[in-house]
Each structure stands twice: as C-alpha cells, then as structure tokens.
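These notes concern the structure reproduced below.
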Amino acid sequence: MFENKVVLITGVSRETGLGYETAKRLKELGLTVIITARELEAVTVLGKQLGVNAAQLDVTSQESIEKLLDVITKQYGKLDILINNAGGFFDQNSDLLTVDVNFMKEALDLNLFGALRMIQAFVPLLKLADNGTIVNVTSGIGSFSDPVFGLANYFADVPAFATSKLALNGLTVKLAKRLKKDKIRINAVCPGFVATTPGMEAYGARPVTEGANGIVWAATLPEDGPTGGFFRDGEVIGW
C-alpha cells in the first residue's frame, strides 16, 4: 500500500526523539523514508541505524532547503509526505513582560517559518503525488482550549514556544484552504507531553512510541481523510 510512497521528515536529530520513532514506523510500513537534521554526521548515523536515507537540512536556511529540494527532485521526482517535525523549546519559566524579543524571533524562525519555508519549497513535488500530505508537528501549548497545557494554563510561562506553536496552528488552517485545490492535505498534530529525554517520565511524560502514533496516523491518511484539523492520537482536539 505504501511501497511507492516517499516521506521526508525534518528534525530527526536523536534516537529518543519523535522524528526517529516516526521514521522507524513508516519504514516498517514500507515507505521510502528520508530523515534530516542540521548535523550531517549525527543524522547519517541515525539513518544507518534505521536503514533509511539521511540528509543535512537546516530549515532556517533557504539555501539548505533548496539544496535538499534539488536532491529529492533528481532522485525521486516527487514527494508524497512532508512531516515538519523540526522545532525547538526555546524558553523555560520566562516572563512575557521581560522575555528577550530576539528569543521570540528565534522560536518563530525555527518553529513557524521553518515549516513554511519547507512547505513553500516542496509543494511542487507534493502536487506530483497521488495523495500529497503535510503534517505539522505542533503542541497543545499553542492551544486556546487545552485544559492543562493551553495558553492560559500551566505552560503559559513559555511565551516563545507557545506563541510559535499557536502561529503554526494558524498557519495550518490557512494553508489547508489554499492547498485544497492542489489536492494536498495538511494537518496539525500534537503528540502530547512526550519523554524525548531521560527522566521526563517522572513528570508524567508519555513514551515516544505513544506520541508518534498520531503523527504516523496523520501521515498515512487516505485521500478522503481530514484536512485543516488539529489532532492528538487521531482524535480532534480544540484549537
């Protein structure tokens, strides 16, 4: 079913991360997987472990994106699935009234504009696929309605990260309307509070294997699947 599908996953920089687990699962389904990260040496090692293709990519660099686009165009001639997983948690216990604006800019450049740059660059290849799909890995921290992690609740003290994910959620909605005529699906996925580093389980974080479930689900939706939605574990969650 997925043997001829090509998927590109950004931000696969460590074995304990969501990108790595997602790549592993999609490889098991038979997809041709390309993982990327800023550090070529690190992502090459991960690619060998998984048995997938690996490439250097910095989503904050247009030059880096265009270089990868050229490689994928020449090697595959299309792209079926783009998973915008690259991102960073920039602040912790920050006060919005005193947070460095440059800090906010860095978060937006990576978490928001990084995804937009990738989408703008790869839409021509996604249009050549039978069922072009984009997954933006986002967070309930950027939600207005999440009862625990939403903007008005516990994680309101991480303004750079929260604002960037709120913006990414909004971008997903706007792009869903724009890409509909191109028959490209795009959804936002919150993996939940995931233990991507050792020790996070003690704070209630869920296993990476569980967090990746929703990403894999959104990446492998059928042609009549939803678009422009916000999901966790395959279930709709509030913006």
Scanning the range 68-79 for residues that are over 20 Å from the mean Cα position of the chain (by Cα) and of a type outside the set (S, T, N, Q), the one surrounded by the fewest Cβ atoms within 10 Å (Cβ to Cβ) turns out to be K74
Does the range 153-165 include one or more residues that are at negative phi, of a type in the set (V, I, T), surrounded by 13 or more Cβ atoms within 10 Å (Cβ to Cβ) and modelled with pLDDT under 95? yes
Those residues of the range 123-133 which are in contact with a Gly (Cβ under 9 Å, 6 or more places away or on another chain) and crowded, with 21+ Cβ neighbours inside 10 Å amount to L126, T133
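The values are calculated or read from the model by the stated rules, or taken from the named source; none is laboratory data. Keep in mind that what you see is a predicted model, and the values were worked out from it rather than measured. Note: ideal-geometry Cβ built from the backbone for every residue, glycine included; neighbour counts use all protein chains shown.
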